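Asker: Here it is: the structure, laid out below.
The values are calculated or read from the model by the stated rules, or taken from the named source; none is laboratory data. Being a predicted model, the structure only gives us computed values, none of them experimental. Using ideal geometry, Cβ is built from the backbone for each residue, glycine included, and neighbour counts are taken over all protein chains shown.
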Amino acid sequence: MILAVVALLLCVFLGAFALIPSGNTKNVKSNAKAEKTAKIYTKAEVALHNKRTDCWVIIKNKVYDLTPYVEVHPGGDAILAHAGDDSTIGFYGPQHASLVYDMVHEFYIGDLEPGAAVTK
């Protein structure tokens, strides 16, 4: 019974972090190029960036370098679940506040090669 209460409180606590914008997000500096030139990446290139210190993801066939955001991600290590891979489904999950959809563009570094398209 106590374990269930602790688990419920933990879920509520973590859920609140996902929904409440953090003041830290404005201080995160992106590695994305200021001019937003669309570079083309293969799925194999993106797959090499699959760790906490080098975290790229694919969202709707666009490539994002989320490395600077990993440490301040309100969902903790959940951001690493699809590091180096397609994260479209997780990104558009119910846990994200609408703020995240505007913020992710700061981390855009290019597009996935057309023949390697993972999602539509």
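Asker: Restricting attention to region 80-113, which residues are in a helix (DSSP H, G or I) and touching a Gly at 6+ places or on another chain (Cβ under 9 Å)?
Answerer: Within region 80-113, Ala81, His82 meet the criteria.
Asker: Got a number for residues in region 70-103 being farther than 21 Å from Lys43 by Cα, touching a helix residue (DSSP H, G or I) at 6+ places or on another chain (Cβ under 8 Å) and either modelled with pLDDT of 90 or more or crowded, with 20+ Cβ neighbours inside 10 Å (or both)?
Answerer: The qualifying residues number 2.
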